[in-house]
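Read the structure below first, then the notes.
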Amino acid sequence: MNPVLALAPRLQRAAGHDGRTTTLLAVTAFAVSTALALSVVGGLLGFVERAAHPADAYQREYGSFYVTLATAALILLIVPVVTLAGAAARLGVARRDARLANLRLLGATPREVLGLTVVETALQGLVGAVAGSALYGLLLLVWSQVPFQGEPFTVGELWVGVPVLLLAWLAVPLVAVVSGMVSLRRVVVSPLGVAQRVQRPGLKAVRLLVALVGLGVFMALSALGGALGAALVAFLLGGLLVAFATMNAVGPWVVGRIGRIQLKHAKTPAQLLAARRLLDDPRAVWRVVGGLGLASFVAGCLAVVPVMATGVGNDPDMVMQMSDILTGALLTLGIAFLLAAASAGIAQAAQVLDRRREYALATLAGVPAELFDEVRRREVLVPVLYVSVGSAVAALVMFFPLFGYAAVTAPQGLLLLLGSLTVGTALVLGATESARPLLRRVLADTVVRAD
């Protein structure tokens with residue numbers, strides 16, 4: 001490992017300003033995901049503590065129910081958190097793969113290339129996890145102002161403890177390393193193909209089949225819920241996690257289909273270029289819009305909350321319970337959309353850096369900067385609309401066996417869903433626009449780089 005450790009900082013310096021920008025983006029993404037993950041875990045531990053040591057009759061009666069709701073919120077948010085962390089590890093993957101492929105062609109062994117990736121991504125993950133822990137400490141002051149069960153949590157109740165912090169410092173670099181190693185398959189197996197910029201194989205329709213199977217499993221469990229009782233809650237939560245994973249798997253395939261449809265109907269240069277980008281690299285586009293897809297799925301799941309409020313009446317315990325459920329739903333949605341916006345902005349900036357060579361060649365050929373902006377917007381806007389609406393509808397379909405037509409006809413739930421999708425879409429589009437100054441800086445440099 002000595003040659004690897006000696007070469008790692010040199011490769012980082014050789015990447016120049018773009019490499020430092022990519023590293024900063026990755027660390028920021030790891031920090032945001034760590035801070036929000038610790039916040040959600042802290043909320044769960046706070047409810048567990050109150051259930052174990054109730055302060056009043058209400059906490060004694062309903063403490064375990066709140067723990068179940070907090071667990072559901074954790075499951076709803078853990079996939080977007082891990083997705084953001086994984087996307088952070090793949091930032092600048094095209095440039096990194098090109099550099100590592102050149103090293104492979106010069107004689108570096110697969111083990112050495114693997115070691116370089118592990119060192120780079122693990123260090124980014126560790127720095128991000130430590131920074132995220134500090135951010136979590138600041139957020140405690142915010143979360144401690146939100147009332148639940150009649151009173152807000154104290155900072156001590158929401159503090160996860162040193163062991164959980166150390167676990168996060170271990171888990172985040174591990175996620176970074178695994179994501180980075182997955183991206184190395186082409187470098188190790190076919191470095192010449194990477195160096196020559198050979199396109200990856202297309203995504204298979206089997207991804208859609210996997211998603212449909214996951215959707216069907218959850219709906220079947222939901223339909224049996226009334227017959228099997230509360231013992232099925234664990235299976236439903238597990239099914240929800242599977243549904244998230246399958247949606248993340250089918251997302252890039254859907255983006256590719258959208259690109260194929262747009263390509264057939266393209267009438268302007270911007271429409272044509274946007275469609276080609278969607279079709280050529282749907283995984284990269286999914287990294288921009290996927291966070292919103294997962295957040296919209298959460299919004300669809302939580303749109304059924306107003307349905308649960310029916311029949312509450314004037315019982316003060318039930319009124320408090322439904323108020324807390326609505327507060328928790330709004331918090332979960334807010335965190336999900338913050339993750340989506342962070343993921344979109346960071347991934348968009350990384351795409352600009354990865355396409356530096358393409359931009360330089362196009363600028364030298366006379367392509368105006370305004371066209372790049374229009375292409376970038378079209379590349380994001382159309383998938384955002386498809387993915388956000390489709391994800392929310394999928395969530396409503398999943399919960400249909402539990403709530404029936406009320407899940408799609410309750411006006412409060414539909415208003416909550418529509419408002420959430422509008423705000424979430426605006427956040428994501430705003431985040432992608434944050435990459436515009438970076439694009440202008442890249443366009444100003446017309447030197448065609450080998451990497």
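The values are calculated or read from the model by the stated rules, or taken from the named source; none is laboratory data. The structure presented is a predicted model; accordingly, all values stated were derived computationally and were not measured. Every residue, glycine among them, receives a Cβ derived from its backbone with ideal geometry; neighbour counts consider all protein chains shown.
Restricting attention to the range 112-160, and to residues there that are of a type in the set (Gly, Ala, Ser) and outside any helix (DSSP H, G or I), which single residue is nearest to Ala85 (Cα to Cα)?
Only one residue tops the list, namely Ser144.
Which pairs have Cβ atoms under 7 Å, sit 6 or more apart or on different chains, and link a residue in the range 154-173 that is under 12 Å from Leu140 (Cβ atoms) to one that is among the charged types (D, E, K, R) and part of a helix (DSSP H, G or I)?
Pairs found: Glu157/Glu49.
Just to be sure before I move on: is Leu45 farther than 19 Å from Met320 by Cα, at pLDDT 90 or above and surrounded by fewer than 22 Cβ atoms within 10 Å (Cβ to Cβ) in the structure I sent?
Criteria met by Leu45.
I'd like the full set of residues that are more than 28 Å from Val319 (Cα to Cα), modelled with pLDDT under 90 and hydrophobic (A, V, I, L, M, F, W, C), limited to the range 118-160.
Scanning the range 118-160 gives Val118, Val119, Ala122, Leu123.
Asp317 - would you say it is among the charged types (D, E, K, R), in the same structural domain as Val397 (by TED's automatic domain parsing) and farther than 30 Å from Gly63 by Cα?
no
Just wondering, is there one or more residues in the range 269-276 that are part of a helix (DSSP H, G or I) and buried (at least 24 other Cβ atoms within 10 Å of the Cβ)?
Yes.
Determine, yes or no, whether Thr23 is hydroxyl-bearing (Ser, Thr, Tyr), modelled with pLDDT under 85 and surrounded by fewer than 21 Cβ atoms within 10 Å (Cβ to Cβ).
Considered against the rule, which asks whether it is hydroxyl-bearing (Ser, Thr, Tyr), modelled with pLDDT under 85 and surrounded by fewer than 21 Cβ atoms within 10 Å (Cβ to Cβ), Thr23 comes out as yes.
Quick check on this structure: which one of Val298, Val319, Val304 is modelled with pLDDT of 80 or more, over 10 Å from the mean Cα position of the chain (by Cα) and of a type in the set (Val, Ile, Thr)?
Val319 is the lone residue from the list that is modelled with pLDDT of 80 or more, over 10 Å from the mean Cα position of the chain (by Cα) and of a type in the set (Val, Ile, Thr).
For Ala35, which of the numbered conditions (1) in contact with a Lys or Arg (Cβ under 7 Å, 6 or more places away or on another chain); (2) at pLDDT 90 or above fails to hold?
Result: Ala35 fails condition (1) only.
Residue under question is Pro110, and the condition is that it be at pLDDT below 70 and either more than 16 Å from Ala336 (Cα to Cα) or surrounded by 17 or more Cβ atoms within 10 Å (Cβ to Cβ) (or both); does it hold?
In short, yes.
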